[in-house]
Amino acid sequence: MAIREKVFDVIISCFKRHGAEVIDTPVFELKETLTGKYGEDSKLIYDLKDQGGELLSLRYDLTVPFARYLAMNKLTNIKRYHIAKVYRRDNPAMTRGRYREFYQCDFDIAGQFDPMIPDAECLKIMCEILSSLQIGDFLVKVNDRRILDGMFAICGVPDSKFRTICSSVDKLDKVSWEEVKNEMVGEKGLTPEVADHIGDYVQQHGGVSLVEQLLQDPKLSQNKQALEGLEDLKLLFEYLTLFGIADKISFDLSLARGLDYYTGVIYEAVLLQTPVQPGEEPLGVGSVAAGGRYDGLVGMFDPKGRKVPCVGLSIGVERIFSIVEQRLEALEEKVRTTETQVLVASAQKRLLEERLKLVSELWDAGIKAELLYKKNPKLLNQLQYCEEAGIPLVAIIGEQELKDGVIKLRSVASREEVDVRREDLVEEIKRRTSPALCIC
């Protein structure tokens, strides 16, 4: 939890820096709200037992509840973040940070704005957060649903199979093209020629030059949807360059994002393992953030079908927690689980009253302080407790100190002791323990 709180602090301060408000929604939704929004993943939704009354399900993500919230409250624009737990009937993989109950951290911009400006800000936020968390090098893959759909159309995929072929393409980051092709042909009924045609496209990735190249592609540029997507991506890359993050972004035609509700730009951030051999491409170790544009979702919940365009991102914090935890274990760093600045201790017996008076003074002044719950604790035991709990300072009371109106302030790490006048103690403790901003 100590690590989590630090990760959340970094994320929330970034969301607030970009002007977001915070909302919350119930942990369950009407079953019908969630039905038909997640494609092949719908089987992972937890349904609550039917006990009469409405049929309810646990939320699967925070995006669909957000769209329902916008429609119910007739909101046409909002910039919001939401951090909460979601539930999936998945096979957990603890080491990879994959659970059945896990946190999502979402940031979304809803409203009618000029193309690609909010989208670019979402990518900027993703890069800011991943950089501040210092979890290693990352790459953000970007694509557009319209380019994918246009590509499927010109390759000869029937309309009814777009979504299911999409979820096959989405597996390319985990398995080889051969396996994906076999699934398309064997299980999903495409002809090998159509599959190969798709393969020619989805194995390409690059920067803005690939966007330019595809705008010249005789077939793809004839498809209206794909053309719109490519022109938007070209604009997006201009804004990303201005935001100083274009070098972190890769246009990747294999990125499909399995969810049904995306309508435009989609993106996913992956951590890169350092190349094993010089000259090798760095390997992705899995997605740590993702998102995209979904312009039709709110309309599904509005009785009049009024659309509210939305774009957003989700930070995969569970993944990040497990990476930070593993890193700290490797460094054999002990994580402090409390924030106590000072332990109030006594060097002699019969000083409990004085300790209670002093610790109360410190609490009232906003200092995080503790004392041992014994009448006459041994000084050694008190110092040992500080070592174990990582408490940096000890305020020691003794008979002589009381006579002189001072407190002996001891640094646990250096073992240096100085006498501080009682009225200056609070300031001295604050000066010595001003928080260092660091994730670990």
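The values are calculated or read from the model by the stated rules, or taken from the named source; none is laboratory data. Keep in mind it's a predicted model, so treat the numbers as computed, not measured. In this analysis, Cβ positions are derived from the backbone assuming ideal geometry, glycine residues included, and neighbour counts consider all displayed protein chains. Surface accessibility is based on the protein's heavy atoms, side chains included, excluding ligands, DNA and RNA. Shrake-Rupley method; radii C 1.70, N 1.55, O 1.52, S 1.80 Å.
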Mean accessible area per residue over segment 203-263 (1.4 angstrom probe, all protein chains present, square angstrom) is 48
The size of the Cβ-based charge dipole (Lys, Arg +1; Asp, Glu -1) of segment 359-411 about the Cα centre, to the nearest 20 debye, is 160
For the chain, averaging the sequence separation of alpha carbon pairs under 8 Å that lie six or more residues apart and dividing by its residue count, the contact order in percent is 16
Only helices counted: for the chain, with every DSSP H run of 4 or more residues adding -39500 (n - 2.57) and the sum spread over all residues, [θ] at 222 nm is -11000 deg cm²/dmol
Measuring from its Cα centre, segment 291-368 shows a charge dipole (+1 at each Lys and Arg Cβ, -1 at each Asp and Glu Cβ) which, in debye to the nearest 20, is 240
In the list (1) 86, 53, 41; (2) 101, 86, 52; (3) 91, 62, 40, the entry giving Cα extents along the principal axes in Å computed from the coordinates is (3)
Sorting V140, V27 on solvent-accessible surface, 1.4 Å probe, most exposed first, gives V27, V140
Carbon plus sulfur, as percent of the 1.4 Å-probe accessible area of the chain, comes to 51
If each K or R counts +1 and each D or E counts -1, the residues other than I407 whose Cβ falls under 14 Å of its Cβ total -3
For 300-313, 116-129, ranked highest to lowest by mean beta-carbon neighbours within 10 Å, the order is 116-129, 300-313
Within segment 26-64, DSSP-loop GluC sites (Glu not before Pro) with at most 12 other C-beta atoms within 10 Å are E54
Here the convex hull volume per residue of segment 29-97, taken over Cα atoms and given in Å³, is 124
A chain fully extended from S131 to L379 at 0.36 nm per residue, minus the present Cα-Cα distance, gains in nm 84.9 nm
Cα-based Rg and Dmax for segment 228-370, in Å, come out at 26.1, 81
Taking the dipole of the chain about the Cα centre (Lys, Arg +1; Asp, Glu -1; charges at Cβ), the one of I117, Y87, I249 that reaches farthest to the positive side is Y87
With x for Gly and Pro, the residue-by-residue ³J(HN,Hα) of segment 388-405, computed from phi through the Karplus equation 6.51 cos²θ - 1.76 cosθ + 1.60 at θ = phi - 60° and given in whole Hz, is 5, 8, x, 6, x, 10, 10, 9, 9, 9, x, 4, 5, 4, 4, 5, 7, x
GNM on the chain, Cα springs under 10 Å; top mean-square fluctuation among I396, I12, I147 goes to I396
The size of the Cβ-based charge dipole (Lys, Arg +1; Asp, Glu -1) of the chain about the Cα centre, to the nearest 20 debye, is 1380
Out of V420, V157, V270, a Gaussian network model of the chain with alpha-carbon springs under 10 Å gives the largest mean-square fluctuation to V420
Low-density loop trypsin sites (Lys or Arg not before Pro), segment 359-430, at most 14 other Cβ within 10 Å, DSSP non-H/G/I/E/B, are K368, K374, K375, K378, R415
Links exceeding 20 Å between C-alpha atoms in this model, out of K79/K124; K37/K307; K37/K124; K171/K224, come to K37/K124; K171/K224
In nm, the gap between the two label points placed 7 Å beyond Cα toward Cβ at D302 and D159 is 2.4
Among trypsin sites (Lys or Arg not before Pro) in segment 1-98, those in a DSSP loop whose Cβ has at most 13 other Cβ atoms within 10 Å are K49, K74, R89
Computed curve, segment 1-128, Cα-only Debye sum without solvent term, log₁₀ I(q)/I(0) at 0.11, 0.18, 0.22 Å⁻¹, is -0.46, -1.15, -1.39
One quarter of the C-alpha convex hull surface, i.e. the mean projected area of segment 357-440 in nm², amounts to 6.2
Expected vector for segment 53-65, Karplus 3J(HN,Hα) from phi with 6.51, -1.76, 1.60 and θ = phi - 60°, integer Hz, x for Gly and Pro, equals x, 5, 7, 10, 9, 6, 5, 9, 8, 9, 7, 5, x
Result for segment 1-121: accessible area per residue, probe 1.4 angstrom, in square angstrom, of 53
Residue by residue through segment 222-237, the couplings from Karplus 6.51 cos²θ - 1.76 cosθ + 1.60 with θ = phi - 60°, in Hz, x for Gly and Pro, are 7, 8, 4, 4, 4, 4, 4, x, 5, 5, 5, 5, 4, 5, 4, 5
Long-range share for segment 87-143, i.e. C-alpha pairs more than 16 Å apart as a percent of all pairs, stands at 63
Restricting to aspartates and glutamates and to Cα separations under 16 Å from K375, and discarding same-chain partners fewer than 8 apart, the set is E353, E354, E399
Using alpha-carbon positions, the gyration tensor of segment 127-242 gives root eigenvalues a ≥ b ≥ c; with a/c under 1.5 called rounded, otherwise prolate if a/b exceeds b/c, else oblate, the class is oblate
With the charge dipole of segment 316-408 built from beta-carbon charges (+1 for Lys and Arg, -1 for Asp and Glu) about the Cα centre, the Cα from A365, L351, S322 projecting farthest to the positive end belongs to L351
Rounded to whole angstroms and listed largest first, the alpha-carbon spread of segment 191-238 along its three principal axes comes to 38, 22, 14
Here the relative contact order (percent) of segment 58-152, from C-alpha pairs under 8 Å and at least 6 apart, is 23
